[in-house]
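To keep things clear, I will list the structure first and then write my remarks on it.
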Amino acid sequence: MHGFGFFYIAVCNHIKSIIKHTEESLSRKPLVDFERFIHSYSRIKSIVDLTDKEVGFLVFITIFFNSGFMCFTFYVTLNFNITAGIQTVAIYGMFFGALGLFIGMTVSASMVADESKELCSAMPENTGKLTFKQIRFLMTTQNGITLTVWRIVPITRSFIFVIIGILLTYTVMFSSLSPMKGSNEIFIYFEQ
């Protein structure tokens, strides 16, 4: 799972750099051929959609796995008296590893959406009326390019906070309902 997470971060950063390069070339030229930019934007969007379609399920599984790992380690931290040094290091290592990969994946995917929004605003200022090609360019870019979690939810900055908030809320709720609070029963098997 971690290998795919790092691959996904690299893919998202590459897509972001392609969109940023398109934005820079749009804002650099005083006379822009909007037909060419509409065509290149459409190609970028179709490549991102194809990539999202192919890896969407793996993104879902990776985020689900990391979320479960974070819930488990947070639950263990809240409910059990962990005194052994290696157990503490293992629990916190797993938690921060899963959290770091989750944040890395979602931040890099949300940066694609942010960069796509900036592309629309990079159109050169025109003091007169907008031409048909400029209006078409604005209509094409207004939806933006977003990566999703298995075509269910677009990954934006708010997605990161929503998922972490849900994880913390449900873990604290399950922790307060736990009959094993404050015991070491989970680690008895490992100490034998």
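Miscellaneous remarks
- Inter-residue pairs, beta-carbon under 8 Å, first aliphatic (A, V, I, L, M) and modelled with pLDDT of 90 or more and in the stretch 61-77, second surrounded by fewer than 21 Cβ atoms within 10 Å (Cβ to Cβ) and part of a helix (DSSP H, G or I), 6+ apart: 63/163; 70/95; 70/99; 70/167
- Pairs meeting the criteria (first residue in the stretch 90-104 and closer than 15 Å to residue 163 by Cα and surrounded by 15 or more Cβ atoms within 10 Å (Cβ to Cβ), second residue among the aromatic types (Phe, Trp, Tyr) and modelled with pLDDT under 95, beta carbons under 6 Å, at least 6 apart or on different chains) are 98/69.
- Selection of the stretch 41-84 for residues being surrounded by fewer than 14 Cβ atoms within 10 Å (Cβ to Cβ) and under 18 Å from residue 143 (Cα atoms) yields 42, 43, 46, 47, 50, 53.
- Test: residue 128 is closer than 30 Å to residue 30 by Cβ and touching a helix residue (DSSP H, G or I) at 6+ places or on another chain (Cβ under 7 Å): no
- The residues listed here are 128, 144; of these, the one that is part of a loop (DSSP other than H, G, I, E, B), of a type in the set (Gly, Ala, Ser) and at pLDDT 85 or above is 144.
- For residue 3, the requirement of being exposed (fewer than 12 other Cβ atoms within 10 Å of the Cβ), farther than 21 Å from residue 102 by Cβ and not hydrophobic (A, V, I, L, M, F, W, C) is not met.
- Taking first residues from the stretch 126-148 that are closer than 18 Å to residue 44 by Cα and partners that are among the acidic types (Asp, Glu), the Cβ contacts under 8 Å between residues at least 6 apart in sequence or on separate chains come to 147/52; 148/52.
- Only listed residue being in contact with a helix residue (DSSP H, G or I) (Cβ under 6 Å, 6 or more places away or on another chain), at pLDDT 80 or above, surrounded by 14 or more Cβ atoms within 10 Å (Cβ to Cβ) and not polar (S, T, N, Q), chosen from 149, 153: 149
- Residues in the stretch 26-41 that are under 11 Å from residue 123 (Cα atoms), touching a Phe, Trp or Tyr at 6+ places or on another chain (Cβ under 9 Å) and in a helix (DSSP H, G or I): 26, 34, 37.
- The single condition from (1) surrounded by 14 or more Cβ atoms within 10 Å (Cβ to Cβ); (2) in contact with a helix residue (DSSP H, G or I) (Cβ under 7 Å, 6 or more places away or on another chain) that residue 142 fails is (1).
- Tally of residues being in a helix (DSSP H, G or I) and not hydrophobic (A, V, I, L, M, F, W, C) across the stretch 147-167: 3
- Selected residue (only one of 57, 102, 74, 137 is in a helix (DSSP H, G or I), more than 25 Å from residue 14 (Cα to Cα) and not β-branched (Val, Ile, Thr)): 74
The values are calculated or read from the model by the stated rules, or taken from the named source; none is laboratory data. Because the structure is predicted, anything quoted here is derived from the model rather than measured. All Cβ positions, glycine included, derive from the backbone under ideal geometry; neighbour counts span all protein chains shown.
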